[in-house]
Amino acid sequence: MNILSEDTGSERGHFFEMAGESRPCWSCQSDQVTFFNCSSCTAIQQFLHDTDYFTSFNMGYKLNIDLDLLEKQYYELSRRFHPDYFQQKPKEEQEISLGNTAFLNKGYQTLKNPQKRAAYLVSLVEGDDHLPTEAPAELFEDIFEIQETLEEIRALDQSDEAEFKKLKTVLDVSLEKMREFELDEKEKLHSLFVKWDCIEADRKGGSFTDEQKGYLPQMKQILSHTAYLDRIINDMKAAV
Amino acid sequence: MSYSKKVIDHYSNPRNMGSFDKGDDEVGTGIVGAPECGDVMKLQLKISGGVIEDARFKTFGCGSAIASSSLATEWVKGKTIDEAFEIKNTEIVTELNLPPVKIHCSVLAEDAIKAAIADYKKKNNEG
């Protein structure tokens, strides 16, 4: 079912059903509204904001997504709401167009990135968008060494190239190790994606299953690790 | 949030900062970290005849973490291993007047002492 395959018959897609059910047109109060605009007064609608990113991009609640399709949807939807097309329209419509575009941009950036996508799903299911940054316990010795090396680099006399080279080599080894660890975490996340999607494919509406919810704590832990690793990897890159 | 005078004192004049040779059999090394903030702490004990003769620390973290570890090195000196093992983070909280959000820093210091003792025992086959 493609929401963008125009407004004909039952192929209109879930957005159209959804739009009519939720609210009438903000401008003329007609209930003949589509997801994009009012069939009666043609005013642009802001129903995007009633949805979440997975729904608005019509990706389903899947964690492994087709990035080409996502991009395609993003361009198509952006085209429908682009502020350029509303320059001659009333101020309200210009604002809705801007708001919708901002929503789409943020949604695209969120869904494009696997970690952000998973974090967003977790926040949707749990209704809490706070995700902690957490250092993996088994890395503390490495982290300590990294901090020590970073400190030495900061204290270094700029002209001392030989010493800098030496420290950089030390740091590069640690950097590689952090990257490998992060890669492992990402692979673990990916295998959780597969498990989630497997159940999601069989789920017929309703709420997420307990089994699906059971994967969330693991996802959260991995995400908090990758957030921390991103931070320390950036610190290391900035230092050299 | 403002730091207590004692935290500021330890932070500006850290006691026993530095390191011992990790390979020394008389040295126990504990490296611990706080997952939530990424603070890391290294605490080393020089032990002879079951008594802690000297201690060193190095901490990358906030003022409270530095003060907690600095205080811990002061406290362990002269104590037996068993006595040092009994040091509780709550004592550090009281001494430094740490606010609730900084209690984990004192936990870190307690964990570091215990980790250093465990490392020493392992090295000397007492574990």
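Quickly run through segment B:86-114 and pick out the residues that are crowded, with 18+ Cβ neighbours inside 10 Å, among the polar types (S, T, N, Q) and not in a helix (DSSP H, G or I).
none
Mind listing just one residue for me: the one in segment A:139-164 that is closer than 25 Å to B:Leu43 by Cα and among the aromatic types (Phe, Trp, Tyr) and, of those, surrounded by the fewest Cβ atoms within 10 Å (Cβ to Cβ)?
Across segment A:139-164, the extreme among qualifying residues is A:Phe144.
In segment A:139-155, how many are within 13 Å of B:Phe60 (Cα to Cα) and either of a type in the set (Val, Ile, Thr) or facing another protein chain (nearest Cβ under 7 Å) (or both)?
7
Determine which member of the set A:Asp210, A:Asp230 is more than 14 Å from chain B (Cβ to nearest Cβ) and more than 21 Å from A:Met59 (Cβ to Cβ).
Details: A:Asp230 fails: more than 14 Å from chain B (Cβ to nearest Cβ).
After applying the criteria, what remains is A:Asp210.
Pick from A:Pro136, A:Pro132: which is touching a Ser or Thr at 6+ places or on another chain (Cβ under 6 Å) and facing another protein chain (nearest Cβ under 9 Å)?
Working: A:Pro136 fails: touching a Ser or Thr at 6+ places or on another chain (Cβ under 6 Å).
Result of the check over A:Pro136, A:Pro132: A:Pro132.
Conditions: (1) part of a strand (DSSP E or B); (2) in contact with a helix residue (DSSP H, G or I) (Cβ under 6 Å, 6 or more places away or on another chain). B:Ile66 meets all but one. Number of the miss?
Looking at each condition in turn, B:Ile66 falls short on (1).
Which residue pairs have Cβ atoms under 9 Å apart, sit 6 or more places apart or on different chains, and have a first residue in segment B:1-25 that is open to solvent by 60 Å² or more (accessible area, probe 1.4 Å) and a second that is among the basic types (Lys, Arg)?
The qualifying pairs are B:Met1/B:Lys102; B:Tyr3/B:Lys102; B:Met17/B:Arg56; B:Met17/B:Lys58; B:Ser19/B:Lys42; B:Ser19/B:Arg56; B:Ser19/B:Lys58; B:Asp25/B:Lys123.
Among the residues of segment B:1-32, what is the count of those that are within 23 Å of B:Glu86 (Cβ to Cβ) and of a type in the set (Gly, Ala, Ser)?
2
Which condition breaks for B:Lys58 when tested against (1) away from every other protein chain (no Cβ under 14 Å); (2) in a strand (DSSP E or B); (3) touching a residue at least 40 places away in the same chain (Cβ under 8 Å)?
B:Lys58 satisfies all of (1) away from every other protein chain (no Cβ under 14 Å); (2) in a strand (DSSP E or B); (3) touching a residue at least 40 places away in the same chain (Cβ under 8 Å) except (1).
Can you tell me which condition B:Glu83 does not meet? The list is (1) surrounded by 19 or more Cβ atoms within 10 Å (Cβ to Cβ); (2) without any contact (Cβ under 8 Å) to a residue 24 or more places away in the chain, and all the others hold.
In the conditions (1) surrounded by 19 or more Cβ atoms within 10 Å (Cβ to Cβ); (2) without any contact (Cβ under 8 Å) to a residue 24 or more places away in the chain, B:Glu83 misses (1) alone.
For segment B:26-55: of the residues being assigned to a loop (DSSP other than H, G, I, E, B) and surrounded by fewer than 18 Cβ atoms within 10 Å (Cβ to Cβ), which is nearest to the other protein chains (Cβ to nearest Cβ)? Walk me through how you get there before you give the answer.
First, pick out the residues of segment B:26-55 that are assigned to a loop (DSSP other than H, G, I, E, B): B:26, B:34-39, B:49-50.
Applying the additional criterion that residues be surrounded by fewer than 18 Cβ atoms within 10 Å (Cβ to Cβ) yields B:26, B:36, B:49-50.
Values: B:Glu26: 20, B:Glu36: 6, B:Gly49: 28, B:Gly50: 26 Å.
Across segment B:26-55, the extreme among qualifying residues is B:Glu36.
Taking segment A:198-231 only, how many residues are closer than 16 Å to A:Lys186 by Cα and of a type in the set (A, V, I, L, M, F, W, C)? Please lay out each step first, then the result.
Within segment A:198-231, the subset closer than 16 Å to A:Lys186 by Cα is A:215-231.
The next check asks that each one be of a type in the set (A, V, I, L, M, F, W, C); those that pass are A:216, A:219, A:222-223, A:227, A:229.
The number of residues fulfilling the criteria is 6.
Let me confirm something: among A:Leu216, A:Leu223, A:Leu167, A:Leu189, which residue is open to solvent by less than 20 Å² (accessible area, probe 1.4 Å) and within 14 Å of chain B (Cβ to nearest Cβ)? Show your work before the answer.
Values: A:Leu216 fails: within 14 Å of chain B (Cβ to nearest Cβ); A:Leu167 fails: within 14 Å of chain B (Cβ to nearest Cβ); A:Leu189 fails: within 14 Å of chain B (Cβ to nearest Cβ).
A:Leu223 is the lone residue from the list that is open to solvent by less than 20 Å² (accessible area, probe 1.4 Å) and within 14 Å of chain B (Cβ to nearest Cβ).
The values are calculated or read from the model by the stated rules, or taken from the named source; none is laboratory data. Since the model is a prediction, treat every value here as computed from it, not as a measurement. Counting neighbours? That spans all protein chains shown, and the Cβs are built from the backbone with ideal geometry, glycine included. Just the protein is used for accessible areas: all its heavy atoms, side chains included, with ligands, DNA and RNA removed. Shrake-Rupley method; radii C 1.70, N 1.55, O 1.52, S 1.80 Å.
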